[in-house]
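Colleague: I'd like to ask you about the structure that follows.
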Amino acid sequence: MFGLEKTAGQQEPGRSGGLPKMASVGDFNVLSSSIPATKVELSVSCRNLLDRDTFSKSDPICVLYTQAIGNKEWREFGRTEVIDNTLNPDFVRKFIMDYFFEERENLRFDFYDVDSKSPNLSKHDFLGQMFCTLGEIVGSQGSRLEKSIVGIPGKKCGTVIVTAEELGCCRDSVLMQFCANKLDKKDFFGKSDPFLVFHRSNEDGSFTICHKTEVVKNTLNPVWQAFKISVRALCNGDYDRTIKVEVYDWDRDGSHDFIGEFTTSYRELSRGQSQFNVYDVINPKKKGKKKKYVNSGTVTLLSFLIETEVSFLDYIKGGTQINFTVAIDFTASNGNPSQPTSLHYMNPYQLNAYGMALRAVGEIIQDYDSDKMFPALGFGARLPPDGRVSHEFALNGNPQNPYCHGIDGVMEAYYRSLKSVQLYGPTNFAPVINHVARYAASVKDGSQYFVLLIVTDGVISDMAQTKESIVNASKLPMSIIIVGVGPAEFDAMEELDGDVVRISSRGRFAERDIVQFVPFRDYIDRSGNHVLSMARLAKDVLAEIPEQFLSYMRVRGIKPSPAPPPYTPPIHVLQTQI
């Protein structure tokens, strides 16, 4: 942990007593039944902060804000401790946040020099601020982002270093096996047919089912098969949270008989096979009625093995780059770009559907691409000067170098192309898929992964060739996102998506599912809030990418590269101030 080496500069006891809502190491805000995405812990350090105190150095605090998607309002998320008398604080208190690859989480770090015990920030001196996204931090080399602090005109406000660390409990799984002895006999003719049901407890005291074992027939001493469950599903990462286990006798008609129950916790189970992990199965009704009641049998933990899964973030932290390519449909079925009815209409006041899809997806993916240079292609147009039809032309007019800088560069090239090319046809996808596949085929070592975004009005002409291209690409480190714009029927796109039936070509099936299709019209916000529709679109089209990415790495047996060594503050900062 940063900052623990310091002796002077530490927080004065009771100093932050009046400051509300602190971030804390165990601060899990649990939604009652949904399992959060990965949790990351953010550590904050500053170098060369402004000195606002006359006789000593500043006493800094960091306040983190997050931004609501719809109305862009900033909300305070938490505060670090105050560290006295330093311009180079390494804050000990961390911020713990849910991380979703498919969402853009805007963050704002504000810094203040604390002058009193008042929790009201306007009573303290502002030292500057830094804006970024959570994806930017995670996507930086070693998940360590260093940025200048801004906000006070004409002053150098120093730098801030934010490091993201994925919380381990989020990706541990447990392999457990149980047996039982002398369970109550519930069946008239034979013995019981027992099974176990596991529940994790929620913040409000309710329980959520998280696992059922198989039924073992006709025995009062069953041994169940070992099963694997994620620690998040079992206890939401809280090792002391109650886990309730119920024992039932299975009945064919579904009216299973309750034998009894017991409670435990992850911490207790993690002791493994021992006298601590033999549980009395208690039936509260029987216990209330019979004075001599001991139990309705016992359940014993036979084995407990923790397995750590590698995660998407392990690869990103190890330096895997995500390369983003855009392909835009310039076929005549989109309508004349100068007419308001056209899907390519260049409205000076708002983005058209193509522009919205490009921005929604691109603004998130660009955080994971270090050079922010994206190839942008078009298909289905006649190109100047000779009017030849092309199905993979560079939007910037440079076939040798189709790269655009950032998502803004892609938008600029898209608008420029609309003015110079003639919309034509047919709608062929295979050439742009093969274009990206050529690059993906040259780097199969896990250092790069390719995402192709195709935005189309959906009337596809080369279905057989496209299926063939997708089946070939499914062996490569790439995923394809198709956004359908306009009112067309998208039956052909649904077939390419392969969620229902795995896509095949000439008897060969795709090795894995790499296509995600969504119709843009499902995301148009009725109130006209385009920010919300773009956020929803991005969430749905990008949600499958981490799993598709991991499926490629698993099949190929590629492990994440080790992350670069953690940042160590310069040695002179740690000297004790006298």
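The values are calculated or read from the model by the stated rules, or taken from the named source; none is laboratory data. The shown structure was predicted, so the numbers you read here are calculated from the model rather than taken from an experiment. Note that we place each Cβ from the backbone using ideal geometry, even for glycine, and neighbour counts take in every protein chain shown. Please note that ligands, DNA and RNA were not included when accessible areas were found on the heavy atoms of the full protein model with its side chains. Shrake-Rupley method; radii C 1.70, N 1.55, O 1.52, S 1.80 Å.
Colleague: Output yes when any residue across region 523-532 is crowded, with 20+ Cβ neighbours inside 10 Å and within 29 Å of the chain's Cα centre (by Cα), and no when none is. Outline the logic, then answer.
Modeller: Applying the first criterion (crowded, with 20+ Cβ neighbours inside 10 Å) to region 523-532 yields 523.
Next, only the ones that are within 29 Å of the chain's Cα centre (by Cα) stay: 523.
Among the residues of region 523-532, at least one is crowded, with 20+ Cβ neighbours inside 10 Å and within 29 Å of the chain's Cα centre (by Cα), which makes the answer yes.
Colleague: Within region 257-266, which residues are of a type in the set (Asp, Glu) and crowded, with 16+ Cβ neighbours inside 10 Å?
Modeller: Hit for region 257-266 is Glu261, nothing else.
Colleague: Restricting attention to region 496-518, does a residue exist that is under 16 Å from Met356 (Cα atoms) and in contact (Cβ under 8 Å) with a residue 60 or more places away in the chain?
Modeller: For region 496-518, residues under 16 Å from Met356 (Cα atoms) and in contact (Cβ under 8 Å) with a residue 60 or more places away in the chain: absent.
Colleague: Ok, one more. Which one of Cys235, Cys157, Cys210 is within 23 Å of the chain's Cα centre (by Cα) and either within 30 Å of Leu64 (Cβ to Cβ) or not hydrophobic (A, V, I, L, M, F, W, C) (or both)?
Modeller: After applying the criteria, what remains is Cys235.
Colleague: Here is a further query. Go through Gly297, Gly272 for me and flag whichever is over 17 Å from Lys228 (Cα atoms) and assigned by the TED database to the domain that holds Tyr248. Break it down into steps so the answer makes sense when it comes.
Modeller: Details: Gly272 fails: over 17 Å from Lys228 (Cα atoms).
After applying the criteria, what remains is Gly297.
Colleague: Please work out which residue is farthest from Tyr449 (Cα to Cα), limiting yourself to region 294-312 and to residues that are outside any loop (DSSP other than H, G, I, E, B) and not aliphatic (A, V, I, L, M).
Modeller: Ranking the candidates gives Thr298 first.
Colleague: To continue, here is another question. Would you check if Lys123 is open to solvent by less than 20 Å² (accessible area, probe 1.4 Å) and assigned by the TED database to the domain that holds Ser45?
Modeller: No, not satisfied.
Colleague: Oh, and also: What are the residues in region 200-222 that are over 20 Å from Ser296 (Cα atoms), open to solvent by less than 50 Å² (accessible area, probe 1.4 Å) and in contact (Cβ under 8 Å) with a residue 24 or more places away in the chain, if any?
Modeller: Scanning region 200-222 gives Arg200, Ser201, Asn202, Ser206, Thr208, Cys210.
Colleague: From (1) open to solvent by 10 Å² or more (accessible area, probe 1.4 Å); (2) of a type in the set (Ser, Thr, Tyr); (3) closer than 17 Å to Ile364 by Cβ, pick out the condition that doesn't hold for Ser118.
Modeller: Unmet condition: (3).
Colleague: Starting from residues that are among the polar types (S, T, N, Q), at pLDDT 95 or above and not in a helix (DSSP H, G or I), keep the ones in region 448-474 and report whichever is nearest to the chain's Cα centre (by Cα).
Modeller: Per the stated criteria, the residue is Gln448.
Colleague: Let me ask something else. For region 502-519, state whether one or more residues are over 18 Å from Arg104 (Cβ atoms), hydrophobic (A, V, I, L, M, F, W, C) and at pLDDT below 90.
Modeller: So far as region 502-519 goes, no, none of its residues is over 18 Å from Arg104 (Cβ atoms), hydrophobic (A, V, I, L, M, F, W, C) and at pLDDT below 90.
Colleague: Restricting to region 156-184, name every residue that is assigned to a strand (DSSP E or B), under 30 Å from Ile259 (Cα atoms) and modelled with pLDDT of 90 or more.
Modeller: Val174, Leu175, Met176, Gln177, Phe178, Cys179, Ala180, Asn181 - these are the residues of region 156-184 that are assigned to a strand (DSSP E or B), under 30 Å from Ile259 (Cα atoms) and modelled with pLDDT of 90 or more.
Colleague: Continuing with this model, one more query. Just give me the residues in region 113-155 being in contact with a His (Cβ under 7 Å, 6 or more places away or on another chain) and assigned to a loop (DSSP other than H, G, I, E, B), in sequence order.
Modeller: Val114, Asp115
Colleague: Oh, and also: Need at least 1 residues that are closer than 23 Å to Ile322 by Cβ per element, so show me which strands (runs of 3 or more DSSP E) inside region 360-421 make the cut, counting only ones lying wholly within it.
Modeller: It comes to 373-379, 403-405.
Colleague: On to the next question. Within the group Glu268, Glu246, which residue is in contact with a Gly (Cβ under 9 Å, 6 or more places away or on another chain) and outside any loop (DSSP other than H, G, I, E, B)?
Modeller: Going through Glu268, Glu246 in turn, the sole match is Glu246.
Colleague: Filter region 325-355 down to the residues that are part of a helix (DSSP H, G or I) and open to solvent by 10 Å² or more (accessible area, probe 1.4 Å) and list them by number.
Modeller: Those that are part of a helix (DSSP H, G or I) and open to solvent by 10 Å² or more (accessible area, probe 1.4 Å): Ala332, Ser333, Ala353.
Colleague: Quick check on region 356-384: of everything there that is in contact (Cβ under 8 Å) with a residue 24 or more places away in the chain and among the charged types (D, E, K, R), which residue is most open to solvent (accessible area, probe 1.4 Å)?
Modeller: Taking the candidates together, the pick is Arg382.
Colleague: Can you give me the number of residues within region 71-98 that are over 13 Å from Val114 (Cα atoms), open to solvent by 30 Å² or more (accessible area, probe 1.4 Å) and assigned to a loop (DSSP other than H, G, I, E, B)?
Modeller: Residues flagged as over 13 Å from Val114 (Cα atoms), open to solvent by 30 Å² or more (accessible area, probe 1.4 Å) and assigned to a loop (DSSP other than H, G, I, E, B) within region 71-98 amount to 6.
Colleague: How many residues are over 30 Å from Val436 (Cα atoms) and touching a residue at least 40 places away in the same chain (Cβ under 8 Å) when one looks only at region 287-326?
Modeller: Counting residues in region 287-326 that are over 30 Å from Val436 (Cα atoms) and touching a residue at least 40 places away in the same chain (Cβ under 8 Å) gives 13.
Colleague: Right, Asp240: open to solvent by 70 Å² or more (accessible area, probe 1.4 Å), under 38 Å from the mean Cα position of the chain (by Cα) and over 14 Å from Ala180 (Cβ atoms) or not?
Modeller: Working: open to solvent by 70 Å² or more (accessible area, probe 1.4 Å): yes; under 38 Å from the mean Cα position of the chain (by Cα): yes; over 14 Å from Ala180 (Cβ atoms): yes.
So Asp240 passes the test.
Colleague: Then there's this: Would you mind stating whether Ser58 is among the polar types (S, T, N, Q), open to solvent by less than 10 Å² (accessible area, probe 1.4 Å), assigned by the TED database to the domain that holds Glu136 and more than 19 Å from Cys132 (Cα to Cα)? Lay out the reasoning, then the answer.
Modeller: Working: among the polar types (S, T, N, Q): yes; open to solvent by less than 10 Å² (accessible area, probe 1.4 Å): yes; assigned by the TED database to the domain that holds Glu136: yes; more than 19 Å from Cys132 (Cα to Cα): yes.
Against the criterion (among the polar types (S, T, N, Q), open to solvent by less than 10 Å² (accessible area, probe 1.4 Å), assigned by the TED database to the domain that holds Glu136 and more than 19 Å from Cys132 (Cα to Cα)), Ser58 qualifies.
Colleague: If I go through region 62-88 residue by residue, how many of them are more than 15 Å from Val162 (Cβ to Cβ) and free of Cβ contacts under 8 Å to residues at least 60 places away in the same chain?
Modeller: Adding up the residues that qualify gives 7.
Colleague: A further question on this structure: When you go through Thr163, Thr133 one by one, which is the residue that is touching a strand residue (DSSP E or B) at 6+ places or on another chain (Cβ under 9 Å), under 30 Å from Asp540 (Cα atoms), surrounded by fewer than 21 Cβ atoms within 10 Å (Cβ to Cβ) and not assigned by the TED database to the domain that holds Leu537?
Modeller: Working: Thr163 fails: surrounded by fewer than 21 Cβ atoms within 10 Å (Cβ to Cβ).
Being touching a strand residue (DSSP E or B) at 6+ places or on another chain (Cβ under 9 Å), under 30 Å from Asp540 (Cα atoms), surrounded by fewer than 21 Cβ atoms within 10 Å (Cβ to Cβ) and not assigned by the TED database to the domain that holds Leu537 holds for just one of Thr163, Thr133, which is Thr133.
Colleague: Among the residues of region 203-229, how many are more than 24 Å from Glu307 (Cα to Cα) and either part of a strand (DSSP E or B) or among the polar types (S, T, N, Q) (or both)?
Modeller: Within region 203-229, residues that are more than 24 Å from Glu307 (Cα to Cα) and either part of a strand (DSSP E or B) or among the polar types (S, T, N, Q) (or both) number 5.
Colleague: Which condition does Arg232 not pass, out of (1) open to solvent by 10 Å² or more (accessible area, probe 1.4 Å); (2) of a type in the set (D, E, K, R); (3) out of contact with any Pro (no Cβ under 8 Å at 6 or more places or on another chain), if it passes all the others?
Modeller: Going through the list (1) open to solvent by 10 Å² or more (accessible area, probe 1.4 Å); (2) of a type in the set (D, E, K, R); (3) out of contact with any Pro (no Cβ under 8 Å at 6 or more places or on another chain), Arg232 breaks only (3).
Colleague: Would you mention how many residues in region 267-316 are touching a Lys or Arg at 6+ places or on another chain (Cβ under 7 Å), closer than 30 Å to Tyr99 by Cα and open to solvent by less than 50 Å² (accessible area, probe 1.4 Å)?
Modeller: 1
Colleague: Within the set of pairs 6 or more residues apart or between chains, which connect a residue that is closer than 30 Å to Asp187 by Cβ inside region 232-252 to a residue that is among the acidic types (Asp, Glu) and open to solvent by less than 30 Å² (accessible area, probe 1.4 Å) with Cβ atoms less than 6 Å apart?
Modeller: Note: pairs meeting the criteria are Asp249/Asp193; Trp250/Asp193.
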